[in-house]
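So the structure is just underneath, and the comments pick up after that.
The values are calculated or read from the model by the stated rules, or taken from the named source; none is laboratory data. It should be emphasised that the depicted structure is a prediction, and the values quoted were computed from it without experimental measurement. Using ideal geometry, Cβ is built from the backbone for each residue, glycine included, and neighbour counts are taken over all protein chains shown. Surface accessibility is based on the protein's heavy atoms, side chains included, excluding ligands, DNA and RNA. Shrake-Rupley method; radii C 1.70, N 1.55, O 1.52, S 1.80 Å.
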Amino acid sequence: MKLMQQFALPPDEIYRRSFATVDALLPAGIWSPEERHIICRIVHATGDPQLATAVRFKPEAISTGIAAFLRHASLFTDVHMVAAGIQKQWCEALDCTIQVLIAQDGLTDFAATAQITRSAAAVLKALPLLGGSVVVIGNAPTALLALLDALDEGRCEPPALIIGMPVGFIATCEAKDALWERPYPAITIKGTRGGSPVAAATVNALLDLARQRRTFGLPYE
């Protein structure tokens with residue numbers, strides 16, 4: 001028997017069984033329904049149930065993010081890989097644009113002059129655009145550090161939501177801890193783990209929740 005005959009299933013059945021498996025793996029009674037929805041997507045995207053307990057939500061982070069998408073807020077990602085994982089049709093349905101910070105022109109010279117990473121330079125160059133938006137950082141901790149420094153210094157208006165999920169071993173924990181210590185609505189992951197799939201899954205879960213809100217006509221403050 002061929003491998004496809006042994007193991008493959010129709011796409012809809014794969015999707016259904018995958019999320020049913022994730023849901024069965026997660027303990028009950030720990031998270032709100034919205035938090036669990038986001039965590040399910042993160043675990044599904046990574047295949048790592050242990051990530052569930054590492055996800056952290058600031059108070060009002062989910063409601064603020066949903067409200068931002070319902071009012072057609074722009075979505076800024078640090079790198080192309082995060083944007084590639086986002087459900088474009090859901091963004092289009094909510095009339096929300098996706099912009100990739102690292103795609104801006106002139107970053108190499110800017111970064112070299114300032115002696116910072118291109119990811120940090122990308123954030124600094126876009127500061128006037130970030131107020132009220134959803135900012136998603138799934139790669140470089142320096143991008144998150146640059147954003148937080150700018151907010152500390154009053155150089156930009158706060159985003160509606162910061163999804164801070166950089167990955168790595170240098171300045172990653174420090175950047176996410178600094179985000180957690182500040183008052184901004186945020187979703188993050190403890191420790192060195194994170195990355196583009198996790199960040200994109202978080203965005204997709206929020207977009208899905210926003211679509212549900214709009215479909216059923218429920219108010220969201």
I'm checking my understanding of the structure. Among residues of segment 177-196 that are under 17 Å from THR77 (Cβ atoms) and not in a loop (DSSP other than H, G, I, E, B), which one is most open to solvent (accessible area, probe 1.4 Å)? SER196
Return the total of residues in segment 13-29 being closer than 22 Å to ALA199 by Cβ and either part of a helix (DSSP H, G or I) or open to solvent by 40 Å² or more (accessible area, probe 1.4 Å) (or both). 6
Taking segment 36-89 and keeping only residues that are buried (at least 18 other Cβ atoms within 10 Å of the Cβ), in contact (Cβ under 8 Å) with a residue 24 or more places away in the chain and β-branched (Val, Ile, Thr), one is left with ILE38, ILE42, VAL55, ILE62, THR64, ILE66, THR77, VAL79, VAL82, ILE86
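On the given criteria, is GLN5 at pLDDT 90 or above and either open to solvent by 100 Å² or more (accessible area, probe 1.4 Å) or of a type in the set (Asp, Glu) (or both)? Don't jump to the end; show me each part of the working.
On the way: at pLDDT 90 or above: no; either open to solvent by 100 Å² or more (accessible area, probe 1.4 Å) or of a type in the set (Asp, Glu) (or both): yes.
When the stated conditions are applied, GLN5 does not pass them.
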Here is a list: PRO10, PRO33. Which entry is within 21 Å of the chain's Cα centre (by Cα), without any contact (Cβ under 8 Å) to a residue 24 or more places away in the chain and more than 25 Å from GLY195 (Cβ to Cβ)? PRO33
Has segment 159-170 got any residue that is in contact with a strand residue (DSSP E or B) (Cβ under 9 Å, 6 or more places away or on another chain) and either surrounded by fewer than 19 Cβ atoms within 10 Å (Cβ to Cβ) or within 12 Å of ILE66 (Cβ to Cβ) (or both)? yes
Which numbered condition in (1) of a type outside the set (D, E, K, R); (2) within 21 Å of ALA73 (Cβ to Cβ); (3) surrounded by fewer than 17 Cβ atoms within 10 Å (Cβ to Cβ); (4) free of Cβ contacts under 8 Å to residues at least 60 places away in the same chain is the only one that GLY132 fails? (4)
Of the residues in segment 98-115, those that are open to solvent by less than 50 Å² (accessible area, probe 1.4 Å), under 16 Å from GLY85 (Cβ atoms) and in a helix (DSSP H, G or I) come to LEU101, ILE102
